[in-house]
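Worksheet: one structure, shown below.
The values are calculated or read from the model by the stated rules, or taken from the named source; none is laboratory data. No experiment lies behind these values; they were computed from the predicted model shown. Don't worry about glycine lacking a Cβ; one is built from the backbone with ideal geometry, like all the others, and counts go over all protein chains shown.
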Ligand SMILES: [Zn+2]
Ligand SMILES: [Zn+2]
């Protein structure tokens, strides 16, 4: 029975010594294995994972490798468990932890920076200078579960208390997995200045971050909020989440449409979530002079950028990584106040042992899948559950 020294457990939540975990083999290959249940250290807890959402970045890691960095290199064939958008129940406390209690439901953000580098000290822990340095004699204690340390496609995982976000009972497991996605959108808007009430915002790309970017911008009081994309079904969800206008860029030039919808002027902010090769150039043409662009997605290839347009118009361009500056807490606050319904982007749930099917749904957008969730319990085996 699981009883590591210095770790608090409870008979209410018995913990086995081993668990089921998916591990990454060759690119694209996932293997269902037994692993020891990990042990929380100082300032860490053990989370029983109740639900985990699949992210486009998981697919990048599983099929290509980066941005995962395991033992200083590619993540394949290193007994590494991917998955990072999870939630669950605290079931064991590491030494000294009194910030959370056993039985508490939490969702997680990904990055626990090293806590000692310049960026961590500034609150920019998603840009930790010791990213991936958590092994051997270069160990700085950095953790980014599912990227540089084991993640959530398994039954239990350890988390630094700084990565935990308490959630209310009324929030479903599936909804709680979306806090980190909303948190990424919140971080983007935070970096743009945060005070977007009454200011015009364009979100480009109706993926999960883009759709929740619309919801968060709306909740922050932005007006108008304009969403651009290529899929009408997703643009429709964007409208339900608060977009004042949507533009299908297959039918209309995105820059011209944005200017028309904003009274002939450029907007104050663009949150770029499409990763399209020409997205930066379009975004800098959508904003007004002195406007700000936040890049939350990226193309795979290097792409030419019209620098003159940026310089002549004093445009600010930001890149963001993940969900820094505790943005997940602000996103969770909006969600628990029901300021928007993030579950509109959750489309499918599968059992944990059927992860490969879940990944196929996410990757190939089977049945218009947007956010696909896997659960270790409470889902009848081999039967997908379509979200209401
Ligand atoms: Zn993600
Ligand atoms: Zn750091």
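Quick notes on this structure:
- Of residues in segment 138-147 being buried (at least 18 other Cβ atoms within 10 Å of the Cβ) and closer than 22 Å to residue 85 by Cα, the one nearest to ligand 2 (Cβ to nearest atom): 142
Here's the yes/no breakdown for (1) within 16 Å of ligand 1 (Cβ to nearest atom); (2) buried (at least 17 other Cβ atoms within 10 Å of the Cβ); (3) farther than 23 Å from residue 298 by Cα:
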{"residue": "133", "(1), (2), (3)": "no, yes, yes"}
{"residue": "136", "(1), (2), (3)": "no, no, yes"}
{"residue": "156", "(1), (2), (3)": "no, yes, yes"}
{"residue": "185", "(1), (2), (3)": "yes, yes, no"}
{"residue": "201", "(1), (2), (3)": "no, yes, no"}
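- Qualifying residue in segment 355-377 (condition: assigned by TED's automatic domain parsing to the domain that holds residue 54, in a loop (DSSP other than H, G, I, E, B), surrounded by 15 or more Cβ atoms within 10 Å (Cβ to Cβ) and at pLDDT below 95): yes
- The listed residues are 132, 141, 193, and the only one of them that is more than 22 Å from residue 61 (Cα to Cα) and in a loop (DSSP other than H, G, I, E, B) turns out to be 193.
- Residue list for segment 278-306, filter: out of contact with any strand residue (DSSP E or B) (no Cβ under 9 Å at 6 or more places or on another chain), over 26 Å from residue 66 (Cβ atoms) and in a helix (DSSP H, G or I): 285
- Note on segment 307-337: residues that are closer than 16 Å to residue 187 by Cβ and part of a helix (DSSP H, G or I) total 9.
- Pair list, Cβ < 7 Å and 6+ apart or interchain, from segment 163-185 residues that are in contact (Cβ under 8 Å) with a residue 40 or more places away in the chain to residues that are more than 15 Å from ligand 1 (Cβ to nearest atom) and assigned to a loop (DSSP other than H, G, I, E, B): 164/100; 166/104; 176/167
- Residue match in segment 246-253 (condition: buried (at least 16 other Cβ atoms within 10 Å of the Cβ), assigned to a helix (DSSP H, G or I) and in the same structural domain as residue 205 (by TED's automatic domain parsing)): no
- Filter pass, residue 152 being assigned to a loop (DSSP other than H, G, I, E, B), in contact with a strand residue (DSSP E or B) (Cβ under 8 Å, 6 or more places away or on another chain) and within 20 Å of residue 87 (Cα to Cα): yes
- Those residues of segment 116-129 which are surrounded by fewer than 18 Cβ atoms within 10 Å (Cβ to Cβ), at pLDDT 95 or above and part of a loop (DSSP other than H, G, I, E, B), in sequence order: 116, 129
- Of the strands (runs of 3 or more DSSP E) contained entirely in segment 1-101, not one carries at least 3 residues that are at pLDDT below 95 and away from ligand 1 (no atom under 16 Å from the Cβ).
- Where residue 93 falls short, out of the listed (1) on the phi > 0 side of the Ramachandran plot; (2) buried (at least 18 other Cβ atoms within 10 Å of the Cβ): (1)
- Yes/no for residue 267 being within 21 Å of the chain's Cα centre (by Cα), surrounded by 22 or more Cβ atoms within 10 Å (Cβ to Cβ), more than 16 Å from residue 207 (Cβ to Cβ) and in contact (Cβ under 8 Å) with a residue 24 or more places away in the chain: no
- The set of residues from segment 116-135 being more than 9 Å from ligand 2 (Cβ to nearest atom), closer than 17 Å to residue 320 by Cα and out of contact with any strand residue (DSSP E or B) (no Cβ under 8 Å at 6 or more places or on another chain) comprises 122, 123.
- Those residues of segment 292-318 which are more than 14 Å from residue 278 (Cβ to Cβ) and surrounded by 13 or more Cβ atoms within 10 Å (Cβ to Cβ), in sequence order: 292, 294, 296, 310, 313, 315, 316, 317, 318
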